[in-house]
Structure formats: structure tokens, C-alpha cells
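Below you'll find the structure, written out as C-alpha cells, and then a few comments.
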Amino acid sequence: MKLDDKIFTDKDAAREHLEAMQWPNGPVCPHCGNCDQTRITEMKGKAHRPGLYNCMECRKQFSVTVGTVFERSKIALNKWLLATFLMTSSKKGMSAHQLHRMLGVTYKTAWFMAHRIREAMKEDVASSGPLGGEGKTVEADETYIGKRETPRQLSRGRIAKPTKSGKAGGADKRIVVGLVERGGKSRMFLVQNATKDILRDVLVRNVDRKSNLYTDESRLYTTTGEEYATHRTIRHSAKEYARREGDAVVHSNTIENVFSIFKRGMVGVYQHCGEAHLHRYLAEFDFRYNRRTALKVSDTERHDDLLSRINGKRLTYRRIGEANYA
């Protein structure tokens, strides 16, 4: 698929492409679920826009965008598909400013479009199941990025302060916990605090206990590691980054690579992200990593996978009060 493909330049071709993906057996009413083609009619004539259907069961009209992240948008559908392709095929992301220049829309519109697309990228952890399994290895680690908008409360009423250079110290940064199955998928979560209980909750909800767990020497994982088949640690403080134990190669370089791609995107492409929106950027980077080229997924397949996940994830423009923590 190329940028001059017809679905990116013609709104009717874009609509037909989306209809073929959403309705392989013909239109389905999103209001009542009716799929009887004899009870669904296409609205034709000058008074109706192309792609509008009428359901004779519930007496409601609909199009292919109803119930999706594209619903009630005045942006041409071909521009939506171009935006989704650019965001799914750009390894480190695509800024809203770049989208607004390439699509010919305002920056505010491009920013909102990007967040709607990120909402579609969000994975349903409950239905996708845990990472790892018997004989599989999962690496876990945490990283710190950006400055918290609300300073973290420390023990005995202390408040985190910046370093002497004025930059945010470790206690004043946002905390992201990352999990990755070797040769498989990754998951990243924004957490309020990095404690044993919080990290255990993230691990047991997302990693099969039959897995081999690899972490650094942080004491945050010591107790929880006993619940897994094996728990091996790598000593970064001793400048140890990998070692071999029989057939096993102990390291946490895979999760470090996931964090590296994420940080390069956040620093080099997006540059700034409000704490309230960080969980959506995490979902974006997880989506692309879990469908990376190394897993034999092409740009077109990644794009089509996203279009298959747009239902039931409509995002409205509203002010968000606080971050979505794990």
C-alpha cells in the first residue's frame, strides 16, 4: 500500500474499502444488529449522501462509521485512512503537527484525530489473555519519563523536589511499568507509584505464572518472582547485562529495547505529552511493537488490523481531569 493509493485520495474508495472490511457479508445495522440484507436498503438520490443505509427493523439510518472512532466526523474518510496508515507505519509515531501539514487540516483537528486513532489501538487485556506461559520468558522493568504534573507524596509527608540542575529527579517523574514476552508482545502501564504491591498487581494480571520471569536486581520483584516458574535477575549495578545459565540467556535487553523505542518517539517526535494522555501513547507504541516487521507483519496488515478494531471505541472531545493509571 502506497500513499497515492486510491483509498487515501478518494473518499468514496475509502468508504468502500472500510465497508468491505467491516461488512464482508453485507451491511449490518449498528443500532439493532440486523444483518438481513432484505431488511436493509441503501438510501439513494440527491438528498442522501453515498453510503447511507436504512434498517427496516429499527427504522434507523446508519453508515459504516456509526459506532466507530470515525463517527460524526466532518473530516473526509480518505483523510482518516491516510492518518491511520501514517500512524501505524511510523515506528516512532507521527506528530499532530506533521499530520496537520500532510492532511491539510488544522492542528487542533489533527491532534484530536491522533487521539481517536490511539483509542482504537488500545488492547483489551481481558480478552487477549496473559503474556508468557509454560516454557516462555517474560521480562519486566520500570522506567521514568517526563515530569509529573502533581508531585508524588513521599513517606513522612515529604514532597519530591527537582535536582540541583532544575530537572525532575527520579521521585518527580512519571512511572511506566513494562512487560514483554520474548519473541512476542509487550504491554506498558502508567502507575502512580512503583511499590511491591502495585508491581505485583500488574504482573499477576498480565503474566502467566508458568512463565520464566527475568528482571533486574530491584527488590520490587523479589517476593513476586517466587510466584513464577523461575525468577532470574541481571545485576546492572555490577555492569552485568547478559549471562548464560545452561540453555537460558539471562538479560532484560528486550524490555530495554521497548523502552528505547518509546522514549525516542516521545522525545524526538512528540516532545511533550500531558500526564492525562500518556496511557494512550503507551497503547500506540504497544500496538506497533506487537505487530512489528520482525513478526512478519507488513504496514498494510498492521493498518488493516487497526481498521478492524475501530468499533465501540468512540472518543469525544472533552476535558480530562486526571491520568489513567494502572
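The values are calculated or read from the model by the stated rules, or taken from the named source; none is laboratory data. This is a predicted model, so every value here is computed, not measured. Counting neighbours? That spans all protein chains shown, and the Cβs are built from the backbone with ideal geometry, glycine included. Note: areas computed on protein heavy atoms with side chains; ligands, DNA, RNA excluded. Shrake-Rupley method; radii C 1.70, N 1.55, O 1.52, S 1.80 Å.
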In degrees rounded to 10, the 0-90 angle between helix 11-22 Cα long axis and the longest Cα principal axis of the chain is 60
Value of [θ]222 nm, deg cm²/dmol, for the chain, DSSP H segments ≥ 4, -39500 (n - 2.57) each, nearest 500
-9500 deg cm²/dmol
The range 218-326: chymotrypsin sites (Phe, Trp or Tyr not before Pro) in DSSP loop, at most 10 other beta carbons within 10 Å
Tyr317
Contact order normalised by length for the range 1-121, with contacts defined as Cα pairs under 8 Å and 6 or more residues apart; what percent is it?
21
Starting from the Cα of Lys173, draw a straight line to each of the lysines and keep only those under 16 Å, dropping any in the same chain fewer than 8 residues away.
Lys147, Lys161, Lys164, Lys263
Which order do the peptides 71-84, 26-39, 51-64 take when ranked by the mean count of other beta-carbon atoms within 10 Å per residue, highest first?
71-84, 51-64, 26-39
Restricting to Cα pairs below 8 Å that are 6+ residues apart, what does the relative contact order work out to for the chain? Please round to a whole percent.
21
Once the Cβ-Cβ distance between Ala238 and Gln61 is put in as r, and R0 is 56 Å, what FRET efficiency do you end up with, to the nearest 0.05?
0.25
Cysteines in the chain lacking a second Cys C-beta under 4.7 Å
Cys35, Cys273
Relative to the longest principal axis of the C-alpha atoms of the chain, give the angle of the C-alpha long axis of helix 107-121, reported between 0 and 90° and rounded to the nearest 10°.
70
Percentage of interatomic Cα-Cα distances in the chain larger than 29 Å
47
Cα-centred dipole magnitude for the chain, charges only on beta-carbon of K, R (+1) and D, E (-1), debye, nearest 20
1300
With R₀ set to 51 angstrom, the calculated FRET efficiency between the beta-carbons of Asp124 and Lys44, to the nearest 0.05, is 0.85
The correct ranking of His272, His231 by accessible area at 1.4 Å, largest first, is His272, His231
Report the antiparallel proportion of the DSSP beta bridges in the chain as a percent, rounded to a multiple of 5.
75
Order Glu119, Glu240, most accessible first, counting only protein heavy atoms with a 1.4 angstrom probe.
Glu240, Glu119
